[in-house]
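Asker: Could you have a look at this structure, given as structure tokens, before my questions?
The values are calculated or read from the model by the stated rules, or taken from the named source; none is laboratory data. Keep in mind that what you see is a predicted model, and the values were worked out from it rather than measured. For neighbour counting, all protein chains shown are included, and Cβ atoms are generated from backbone atoms with ideal geometry for every residue, glycine included.
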Amino acid sequence: MKKTITTLLAITFAMISLAQRNKVTYDFPPEMTGKIREDFIKRWETGKTLYGINCAKCHNTKKKRKTIIPDFKPEQLTGYALRVKNAQHEASMPDNQVSPEELGLIVTFLVYKKKCQ
Ligand code: HEC
């Protein structure tokens, strides 16, 4: 009986850690608290979804079956300038597909996501 429970627990933990392999989390500064933090979490989650729809297909990579979202530097996340920086963006990020507000949310997601390294 004890052995069965131990085995079941081991399997559960293995499954949880597998499920979390691809989980992206945020990393807000500790001084960001209360209502502001709650708002940022909502914006961040929306930005994450929008990134998945509009950017992931070109920018995500796989490493040992784990999805890697690149760690862009703050100076690379230039909002509007991103749209026209390269030809691929001009074609794939028109305003009517990614609105300025949505691009802002995507940038919030990328700035505050936990860094890979
Ligand atoms: C059709 C493919 C494609 C899509 C879609 C795309 N990008 Fe890019 N992006 C590129 C390429 C190609 C580059 C230049 C090479 C590189 O840095 O990977 C680039 C570069 C960048 C850079 C670096 C710019 C710099 O200054 O070096 C950022 C930041 C970026 N993309 C963000 C985004 C965001 C945010 C989205 C979604 C709204 C997005 N990209 C959608 C292809 C794409």
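Asker: With T78, T4, T46 as the choices, which residue is at pLDDT 85 or above, among the hydroxyl-bearing types (S, T, Y) and within 18 Å of K114 (Cβ to Cβ)?
Answerer: T46
Asker: Hey, among M15, M32, M1, which residue is loosely packed, with under 10 Cβ neighbours inside 10 Å, more than 16 Å from the chain's Cα centre (by Cα) and hydrophobic (A, V, I, L, M, F, W, C)?
Answerer: M1
Asker: Moving on to the next point. Restricting to the range 43-90, and then to whatever is part of a helix (DSSP H, G or I) and among the hydroxyl-bearing types (S, T, Y), can you tell me which residue is nearest to G104 (Cα to Cα)?
Answerer: Looking at residues that are part of a helix (DSSP H, G or I) and among the hydroxyl-bearing types (S, T, Y), I get Y80.
Asker: Checking K73 against (1) near the ligand (Cβ under 10 Å from one of its atoms); (2) modelled with pLDDT of 90 or more; (3) in contact with a helix residue (DSSP H, G or I) (Cβ under 9 Å, 6 or more places away or on another chain), which test does it fail?
Answerer: (3)
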